[in-house]
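The values are calculated or read from the model by the stated rules, or taken from the named source; none is laboratory data. Since the model is a prediction, treat every value here as computed from it, not as a measurement. Every residue, glycine among them, receives a Cβ derived from its backbone with ideal geometry; neighbour counts consider all protein chains shown. When the accessible area is computed, the model is the full protein with side chains, heavy atoms only, and any ligands, DNA or RNA have been set aside. Shrake-Rupley method; radii C 1.70, N 1.55, O 1.52, S 1.80 Å.
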Amino acid sequence: MRGQSLLLLGAGILFGTTGVYAQHPEGGHPEGQHAEAPRSQSRNDVPRANQGRIPPAPKHREAPQGKPEAERHPNGKINETQHVSNDHWYGHDHPDDKRFHVDHPFEHGHFERFGASYRYHVERIDRDHHRFWFPGGFYFQVADWDWATCADWCWDCGDDFVVYEDPDHIGWYMLYDVHTGAYVHVSYLGT
């Protein structure tokens with residue numbers, strides 16, 4: 001009986017520490033790009049938000065004066081936070097919001113591994129400066145006005161993130177947490 005318990009415990013540890021690699025649409029990695037290093041996992045890798053799916057990229061909004069859209073539930077509750085549900089991006093700021101003006105868009109280059117095919121974990125976080133790093137040294141800074149949304153995220157717990165190019169604010173990206181469904185605006189600072 002004790003031997004069986006130890007065997008089950010060993011199997012559980014083995015399966016619980018299986019590594020995960022960055023995803024790419026073709027299953028490989030483009031020339032010069034490398035997969036993430038394996039990491040331990042003690043949770044299910046299936047996204048918990050957006051009905052268990054990674055959402056497609058947000059669409060550009062035509063109405064520059066449009067207010068951020070709130071999600072209205074059948075029970076009358078309203079969710080005005082920045083989040084994705086049923087592949088719909090809620091709470092996104094209007095396109096002509098002055099906070100998003102950048103004198104030199106993409107000053108540090110373009111981050112090219114964005115979209116639903118790429119999932120990342122944060123290797124390092126600098127909470128004081130609202131900065132984080134992905135494998136490979138790619139780093140970003142969260143917009144000051146969005147930090148309150150993500151300050152309590154479990155940045156170093158292995159949560160998976162997806163980066164999307166912001167369709168309404170040139171020079172900005174959107175960082176989506178696949179397990180909470182929330183997103184924040186980030187600027188790319190290079191490698």
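Report, to the nearest whole %, how much of the accessible area of the range 50-191 belongs to carbon and sulfur atoms, 1.4 Å probe, protein only. Answer for the range 50-191 is 48 percent, counting heavy atoms of protein chains only.
On average, how much accessible surface per residue is there in the range 67-157, in Å², for a 1.4 Å probe, leaving out ligands, DNA and RNA?
60
May I ask you to derive the FRET efficiency for THR191 and VAL102 from their Cβ-Cβ distance with R0 = 22 Å, giving the value to the nearest 0.05? Walk me through the intermediate numbers first.
Details: r = 19 Å, r/R0 = 0.88.
Efficiency, rounded to the nearest 0.05: 0.70.
In what sequence, largest accessible area first, do GLU165, GLU80, GLU123 appear using a 1.4 Å probe?
Details: GLU165 70, GLU80 140, GLU123 115 Å².
Descending accessible area places them as GLU80, GLU123, GLU165.
Modelled this way, with points 7 Å down the Cα-to-C-beta line, the labels at HIS94 and CYS157 are 3.6 nm from one another.
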